[in-house]
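Some notes on the structure that comes next.
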Amino acid sequence: MTNRLQQLAYRLLGLLLLLALWQLAGKRHLGGKTLPAFTDVASVFTVNFRRALLLRSAIATSTSAGLGLLLGATLGCLTALTAQLLPALSPGLNRLAVVVNALPSIALGPVLIITAGRQATPILLAAIPVFFLLYVAATSGLHSADSRLTQLFTATGATRFQRLRYLDTPSAIPALLSGLKLGVTTAMIGAVVGEWFGAPTGLGIVILNTMQNFQIPLMWAAVLVVATISLTAYGLIGVLERSVERRRA
Amino acid sequence: MATIQLTNVSKEFRLARDKRVLALSAMDLTIAEGEFIALLGPSGCGKSTILHLVAGLDEPSTGTVLVDGLPPKDLQAKQQLGIAFQEHALLPWRTVEANLELPFQIAGRTPDRAHIAGLIELVGLKGFETARPSQLSGGMRQRASIARALCLDPKLLLLDEPFGALDAVTRRFMNLELQRIWQQKRITTILVTHTVEEAIFLADRVLVMSGRPGRILREVTVPFPRPRTVETMRLEAFHHLVDNLTLSLEPSD
Ligand SMILES: Nc1ncnc2c1ncn2[C@@H]1O[C@H](COP(=O)(O)OP(=O)(O)O)[C@@H](O)[C@H]1O
Ligand SMILES: [Mg+2]
């Protein structure tokens, strides 16, 4: 317990140090005109209409990222399950996943805007890398069952489907959670980039507009919101991951 | 219960392109219905390989393995095989009770709650039904594995050093427990062990194997009546047999 408190204290200390350095750099103009002091960025949040804008945008971006995460994770897991049940398809699906992952979102964005629309583009650009991440995580997770348990299932006459249901899938959960943890940040980046191609609202739009209008503190505030959402979701999944680990250890 | 027949069985493993290991050679073995066999031998002599062949987890290179006159795969499909191997193999995310439900689920039957409760009691885990493996001691996990192996009233029980990881005291206790359970069920059993005392205490017949390639060196019918007790282990004749078998385990060259 004291250990965990100590860890928390160190983390807070690290954060404070970072903020202090930021503050110093901003006040001394060490980063030029584009790096305002932390307090200047923080004061953006005290202005009502700015706060409302950031909140609205945060909800839009989180929704896109969340839907993209859900879509990508679902497709990734389903593809991995298919490969597990029908091993003959596995090499083909591997290649498909690699190709999908190799598509650069910068090139894909304009195509998606035309075909899928401005609303759907952030969701899809969030979903694509998540699909790949979760496909890889699920595939390795589904193969991670203990060999003694695999033998037990064979010797007791389990069908392929029973093995998948009672052994492979539960064994894959830790790997899935790690994949999901990385997927959260990936999905946020995908959603923000997707918004740049012309979404109606979102933090990506705020970042783009403020950059063009040289509203530097507001731009930094939007970046800060993106990072906070990513890190919070990352931390929450981390907590879930540790509790699963503890139950199984 | 099942009879087991190994005829001229050998097993060769390929390690690399032209590196092979002959694990078993020209093995003949007949096990009668309801018999308790102990396999004793130096590490690497092919004991686990025999169990894998009988369980249908592997195929012999030559010869045949028959259980009740049929290939072991048939026994698998009928869910008539109970196995418990060295390290417990419980599903870590399931409770003891839920682990014992697994054989029923694989057999496509609804778990028999009363039967499961009875088995949990039989292996002395009453009160731990809802504990997960991580909350149990090594001995308790091993007992849960054995209970699970017994769930569907198997015709054949294969135990591969089930108590290998336990300390001497727990091990002796588990030997007494296993005998008690076995006496109630009289299932054809093959027990692989490193420990001479354990083999003699539990088995009707002890088979001593040679080092690689594995073959049967000696066969000893254990004379002590059942139930064997802690007193049995103190008999002069028991010690004598232990010494005798220990000697034949030692490398002769
Ligand atoms: N799957 C395998 N692949 C290659 N070699 C194996 C395999 N299983 C067992 N062996 C080899 O066969 C021999 C007998 O192994 P095993 O039956 O596990 O011995 P024991 O259980 O008596 O210690 C050993 O030399 C081992 O290295
Ligand atoms: Mg072995």
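Numbers at a glance
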{"read-out": "Relative contact order of segment B:90-153, pairs being alpha-carbon contacts under 8 Å that are 6 or more residues apart, as %", "value": "48 percent"}
{"read-out": "Positive-end residue, the protein assembly as shown charge dipole about Cα centroid, Cβ charges, pick of B:Leu158, A:Phe49, A:Leu8", "value": "A:Phe49"}
{"read-out": "Of B:Ala149, B:Thr170, B:Thr64, farthest towards positive along the dipole that unit charges on Lys, Arg, Asp, Glu beta carbons give segment B:15-172", "value": "B:Thr170"}
{"read-out": "Simple spin-label estimate for A:Phe161 and B:Lys78 in nanometres, 7 Å along Cα-Cβ", "value": "2.5 nm"}
{"read-out": "Residue-averaged 222 nm ellipticity for the protein assembly as shown, from DSSP H runs of 4+ at -39500 (n - 2.57), nearest 500", "value": "-19000 deg cm²/dmol"}
{"read-out": "Environment charge at A:Ala145 (Cβ cut-off 15 Å; Lys +1, Arg +1, Asp -1, Glu -1)", "value": "+3"}
{"read-out": "Among A:Thr34, A:Ala199, B:Pro103 - extreme Cα towards positive end, dipole of the protein assembly as shown, charges at beta-carbon", "value": "A:Thr34"}
{"read-out": "Coil-residue GluC sites (Glu not before Pro) of segment B:128-204, DSSP, other Cβ within 10 Å capped at 16", "value": "B:Glu129"}
{"read-out": "Theoretical FRET efficiency, 1/(1+(r/R0)^6), r = Cβ-Cβ of B:Ala117 and A:Arg248, R0 25 Å, to 0.05", "value": "0.50"}
{"read-out": "Whole-percent pair-distance distribution, where bins are 5 Å wide, for the alpha carbons of segment B:35-97", "value": "3, 14, 20, 23, 19, 12, 7, 2, 0"}
{"read-out": "Rg(Cα)/(2.2 N^0.38 Å) for segment A:92-163, N = residue count", "value": "1.64"}
{"read-out": "Heavy-atom accessible area order for B:Thr95, A:Thr210, largest first, 1.4 Å probe", "value": "B:Thr95, A:Thr210"}
{"read-out": "Residues in segment A:171-214 that a label on A:Leu93 would reach, taking backbone N under 18 Å of a point 7 Å out along Cα→Cβ", "value": "A:171-177, A:179-180"}
{"read-out": "Shape parameters for chain A, alpha-carbon atoms, Rg then Dmax in Å", "value": "21.9, 72"}
{"read-out": "Dipole in debye (nearest 20) - chain A, about Cα centre, beta carbon charges: Lys, Arg +1; Asp, Glu -1", "value": "420 debye"}
{"read-out": "From the C-alpha gyration tensor of the protein assembly as shown, square roots of 5λ in Å", "value": "62, 26, 20"}
{"read-out": "Too-long pairs where the Cα-Cα distance tops 32 Å, listed order kept, from A:Lys181/B:Lys73; B:Lys73/B:Lys185; B:Lys47/B:Lys78", "value": "A:Lys181/B:Lys73"}
{"read-out": "Sites A:Leu231 and B:His194 - FRET efficiency at Förster radius 45 Å, r taken between beta-carbons, to 0.05", "value": "0.30"}
{"read-out": "Segment A:1-119: C-alpha gyration tensor shape, a/c 1.5 cut-off, then a/b vs b/c", "value": "prolate"}
{"read-out": "Segment B:1-114: Rg to Rh, with Rh as the Kirkwood radius over Cα pairs", "value": "1.03"}
{"read-out": "Tail weight of P(r) past 24 Å, computed on alpha-carbon pairs of chain B, percent", "value": "48 percent"}
{"read-out": "Computed over segment B:89-239, the ratio Rg/Rh where both radii use C-alpha atoms and Rh is Kirkwood", "value": "0.99"}
{"read-out": "Size descriptor, Kirkwood hydrodynamic radius, that averages inverse alpha-carbon separations across segment B:1-52, Å", "value": "12.5 Å"}
{"read-out": "For segment B:90-153, Kirkwood radius (reciprocal of mean inverse C-alpha pair distance, Å)", "value": "11.3 Å"}
{"read-out": "Span-like helix ranges in chain B, DSSP H, alpha carbon extent 15 angstrom or more, Kyte mean at least 0.0", "value": "B:96-106, B:236-249"}
{"read-out": "Relative contact order for segment B:125-242, counting Cα pairs under 8 Å that sit 6 or more residues apart, in percent", "value": "20 percent"}
{"read-out": "Residue order for A:Trp220, A:Trp22 - accessible surface, 1.4 angstrom probe, largest first", "value": "A:Trp220, A:Trp22"}
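The values are calculated or read from the model by the stated rules, or taken from the named source; none is laboratory data. Everything quoted here is computed from the prediction, not taken from an experiment. With ideal geometry, Cβ positions are generated from the backbone for all residues, glycine too; neighbour counts draw on all protein chains shown. Note: areas computed on protein heavy atoms with side chains; ligands, DNA, RNA excluded. Shrake-Rupley method; radii C 1.70, N 1.55, O 1.52, S 1.80 Å.
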